[in-house]
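*Asks:* The structure is given below, and queries will be raised subsequently.
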Amino acid sequence: MSILESKLNETSAAKDYPAHGSAEEKRPDGVFRGMSVQLNGMVTSKVMNRKASLLTAAIKKYEVQFVGLGEVGVNWKKANRKRLLSLLPELTGEARAMTANNTTENVAVHQQGGVATLALGEIINYYKKGSKDFRHLGRWTSFTLQSIQGHRTRIVQAYGVRANRSNILGSVYQQHVRYIQQHLNENVSPRQLFESDLLWQLSVWRALGDRIILIMDINCHVLTGKLSRALTAEGVDLKEITKEHIGSLCPNTHSSGSEQIDGVWATPDITVTAVKWLPYSESPGDHRSCIFDFTTLSAI
């Protein structure tokens, strides 16, 4: 049994908790519905098939129109199937996918980290391909929603590199240490580099007039962490929407954690109407998945 399969079994056996939030199964009129999913890898066939099945079931049950996926864990250069959508054959209708992984290395098919987005169904009418992590480390990817004469909303999926040191050579931390050693003449940690780069990129998008929805496993408390506080600063202007809508009822989001480290952030010009954290039994990875609604009028 692989390490990934062992972790999957541990998560499956963990005590489940009920959903938290107000979003109904049927998506209301006049809103877009997104979903946040932390996959924690999907390389081996057993892990891939189970997570793909859970992801597809949640998308169909809750009528989800786009998904942000964290820690996909695939080096697409070496994968047998080169496209994310090929791993989700039960999804029907038109769809778009964007993936981002660390392309500065090409060691094995399993590569920790990486992110992706899926856009599904009628939302494709407003979809435009976005940009990825400019350092090619797979830390974030994005796409935009825009009507002909309306607003432009950028959907960003990011993965927050952990601050604590890891000695595992394949870890995200060590991947980024190698990048810093090879490409930067700076005394900076992977976490510091991630924080400064993400904040700069978000501020650029805001200066261009983008409304922003950011989906992220931030790997610190979503309100009190250093990056969490920086996201609220002038010029970035993001607010964590799940705490705002559910408050103290927001649960820990990792199966073995004690606090909320996954969140969804939005700029004030996005009108959020509903949020729900799903139980682990409906979440493909070892983090709770989240669905959230925001008005179409505020987005396009």
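*Asks:* So which residues in region 274-300 are of a type in the set (S, T, N, Q), surrounded by fewer than 17 Cβ atoms within 10 Å (Cβ to Cβ) and not in a helix (DSSP H, G or I)?
*Replies:* Thr295
*Asks:* Also: From the list Gly257, Gly247, which one is open to solvent by 10 Å² or more (accessible area, probe 1.4 Å), part of a helix (DSSP H, G or I), closer than 22 Å to Tyr17 by Cβ and of a type in the set (Gly, Ala, Ser)?
*Replies:* None of the others qualify; the one that does is Gly247.
*Asks:* Does region 214-237 contain at least one residue that is in contact with a Leu (Cβ under 7 Å, 6 or more places away or on another chain), among the charged types (D, E, K, R) and either within 29 Å of Arg178 (Cβ to Cβ) or in contact (Cβ under 8 Å) with a residue 12 or more places away in the chain (or both)?
*Replies:* Scanning region 214-237 turns up no residue that is in contact with a Leu (Cβ under 7 Å, 6 or more places away or on another chain), among the charged types (D, E, K, R) and either within 29 Å of Arg178 (Cβ to Cβ) or in contact (Cβ under 8 Å) with a residue 12 or more places away in the chain (or both).
*Asks:* If you don't mind, there's one more thing I want to ask. Can you name every residue in region 1-58 that is farther than 22 Å from Thr242 by Cβ, assigned to a loop (DSSP other than H, G, I, E, B), open to solvent by less than 70 Å² (accessible area, probe 1.4 Å) and modelled with pLDDT of 75 or more?
*Replies:* Gly41, Met42, Thr44
*Asks:* Also, I was wondering about something else. If you check every pair at least six apart or on different chains, which have Cβ atoms under 9 Å apart with a residue in region 125-153 that is without any contact (Cβ under 8 Å) to a residue 24 or more places away in the chain first and a residue that is assigned to a strand (DSSP E or B) and open to solvent by 40 Å² or more (accessible area, probe 1.4 Å) second?
*Replies:* Lys128/Gln146; Lys128/Arg152
*Asks:* Does Arg206 satisfy the condition of being among the basic types (Lys, Arg), more than 19 Å from the chain's Cα centre (by Cα) and open to solvent by 30 Å² or more (accessible area, probe 1.4 Å)?
*Replies:* For Arg206, the condition - among the basic types (Lys, Arg), more than 19 Å from the chain's Cα centre (by Cα) and open to solvent by 30 Å² or more (accessible area, probe 1.4 Å) - is met.
*Asks:* Cβ-Cβ distance below 7 Å, separation of 6 or more or different chains: which pairs start in region 183-211 with a residue that is farther than 15 Å from Leu137 by Cβ and without any contact (Cβ under 8 Å) to a residue 40 or more places away in the chain and end on one that is part of a loop (DSSP other than H, G, I, E, B) and open to solvent by less than 40 Å² (accessible area, probe 1.4 Å)?
*Replies:* Partner pairs satisfying both residue conditions: Leu199/Val236; Ser203/Gly235; Ser203/Val236.
The values are calculated or read from the model by the stated rules, or taken from the named source; none is laboratory data. The structure displayed is predicted, hence computed values, not measured ones. Neighbour counts run over all protein chains shown; Cβ positions are idealised from the backbone, glycine included. All accessible areas refer to the heavy atoms of the entire protein, side chains included, with ligands and DNA or RNA removed. Shrake-Rupley method; radii C 1.70, N 1.55, O 1.52, S 1.80 Å.
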